[in-house]
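Enquirer: First, the structure itself, so that you have it in front of you.
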Amino acid sequence: DKPNCKVVLANNIAKGLLEEVHEGLKKINRKPLLVGFLSSADPAARVYAEWTGKTCNENGFAFELREVDRDALEDALIDANNDASVDGIIVYYPIFNNRQDQYLQQIVSIDKDVEGLSHQYIFNMYQNVRFLDPASTKKSILPCTPLAVIKILEYLRIYNTILPYGNRLHGRTITVINRSEVVGRPLAALLANDGACVYSVDVNDVQQFHRGEGLRKRRHEVEEKPGWTLENALPLSDVVISGVPGDKYKVPLHLLRPGAVCINFSSERNFSPEVKEKASIYVPAIGKVTIVVLLRNLLRIVQNKLEAEAQ
Ligand code: NAD
């Protein structure tokens, strides 16, 4: 007899989100233009660029790939910022693979930053500020991969819609294995801001992100958990989200709570196939959702622009 684990594929989750994007597109009555900048020799960057183009073209968005020498990228970005026909800008990293990449990230105009990597957006995310204006008409933009994980958790009903918006993870315990600045740490913060108790695990230590008993705090705070490892965090967790790079790493399945929900965002499989013996739900990859979230961010940026023009 087979174990009762439901494997949920990113494609199915992406479909529902795409419908939402199509609805929004119909209302704005124009074809948003996304410009991608490829200055990286990384073959993964090219694949991602081609994949973005394909998803754009299939879904009513225009996409233009600009391949520029990395030393000309700064000026090319400034040109795109000043070009009113460009709605969104995406840059494929790594380029210099050092702090110059962060510098370039901040060149992209906040009004065109579909990846949600501008300092203002990241600041709003950590501070749990959800809108860009005092009247709360323009939503802030969230970084694509962490937001894709959130959309997956909504799809899986880990977000409890009985609870008010902003508190819908109250009572959930979630482990995130990865604390990078692009995915793991923002993801832990977002989940904790929405009410979860989050164990953020990296190669060195474990930290707990939470809004306190009864969610009394307005935004999450972080507590170090000295001496803690996955041995402490995993048995407590309803949901385990893993994003360790490389093909060596495997989540120790014997520590999983029976019936845990397991999600992998690493490009390698962090869960061995036996995860299905123990998990209730397993999501093996998330990339297809991430690309749709990118389109959703582009749509939101165009909506915010139209909102500003109407005022
Ligand atoms: P990174 O190298 O910046 O960070 C890796 C993180 O994993 C660090 O926090 C590190 O401490 C932690 N880690 C490494 N080994 C560990 C171990 N043995 N135990 C616990 N933690 C450990 O990488 P990144 O940019 O965050 O990317 C991670 C993975 O996610 C890559 O495979 C990348 O391709 C993938 N990714 C996927 C998407 C997507 O949409 N699917 C988007 C971005 C990144």
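The values are calculated or read from the model by the stated rules, or taken from the named source; none is laboratory data. As the structure is a prediction and not an experimental result, all values here were calculated from the model. When we count neighbours, we look across all protein chains shown, and the Cβ atoms used for this are built from the backbone with ideal geometry, even at glycine.
Enquirer: Listed residues Val293, Val239; which is among the β-branched types (Val, Ile, Thr), within 11 Å of the ligand (Cβ to nearest atom), within 22 Å of Ile158 (Cβ to Cβ) and in contact with a Lys or Arg (Cβ under 7 Å, 6 or more places away or on another chain)?
Expert: After applying the criteria, what remains is Val293.
Enquirer: Is it true that Pro273 is away from the ligand (no atom under 16 Å from the Cβ), of a type outside the set (Ser, Thr, Tyr) and closer than 22 Å to Thr173 by Cβ?
Expert: Details: away from the ligand (no atom under 16 Å from the Cβ): yes; of a type outside the set (Ser, Thr, Tyr): yes; closer than 22 Å to Thr173 by Cβ: no.
Considered against the rule, which asks whether it is away from the ligand (no atom under 16 Å from the Cβ), of a type outside the set (Ser, Thr, Tyr) and closer than 22 Å to Thr173 by Cβ, Pro273 comes out as no.
Enquirer: Further question: Restricting to segment 187-205, count the residues that are surrounded by 22 or more Cβ atoms within 10 Å (Cβ to Cβ) and within 15 Å of the ligand (Cβ to nearest atom).
Expert: The qualifying residues number 8.
Enquirer: Still on this structure: Identify the residue in segment 257-270 that is touching a Phe, Trp or Tyr at 6+ places or on another chain (Cβ under 9 Å) and farther than 21 Å from Glu154 by Cα and, among all such residues, is nearest to the ligand (Cβ to nearest atom).
Expert: Within segment 257-270, the match that is nearest to the ligand (Cβ to nearest atom) is Glu268.
Enquirer: Quick check, is Leu117 of a type outside the set (D, E, K, R), within 16 Å of the ligand (Cβ to nearest atom), part of a helix (DSSP H, G or I) and out of contact with any Asp or Glu (no Cβ under 8 Å at 6 or more places or on another chain)?
Expert: Against the criterion (of a type outside the set (D, E, K, R), within 16 Å of the ligand (Cβ to nearest atom), part of a helix (DSSP H, G or I) and out of contact with any Asp or Glu (no Cβ under 8 Å at 6 or more places or on another chain)), Leu117 does not qualify.
Enquirer: To continue, here is another question. What tally of residues in segment 140-186 results from selecting those that are among the charged types (D, E, K, R), within 12 Å of the ligand (Cβ to nearest atom) and either buried (at least 20 other Cβ atoms within 10 Å of the Cβ) or assigned to a helix (DSSP H, G or I) (or both)?
Expert: Here the count works out to 3.
Enquirer: Please tell me if Glu231 is within 16 Å of the ligand (Cβ to nearest atom), at pLDDT below 95 and not hydrophobic (A, V, I, L, M, F, W, C).
Expert: So Glu231 does not fit the description; no.
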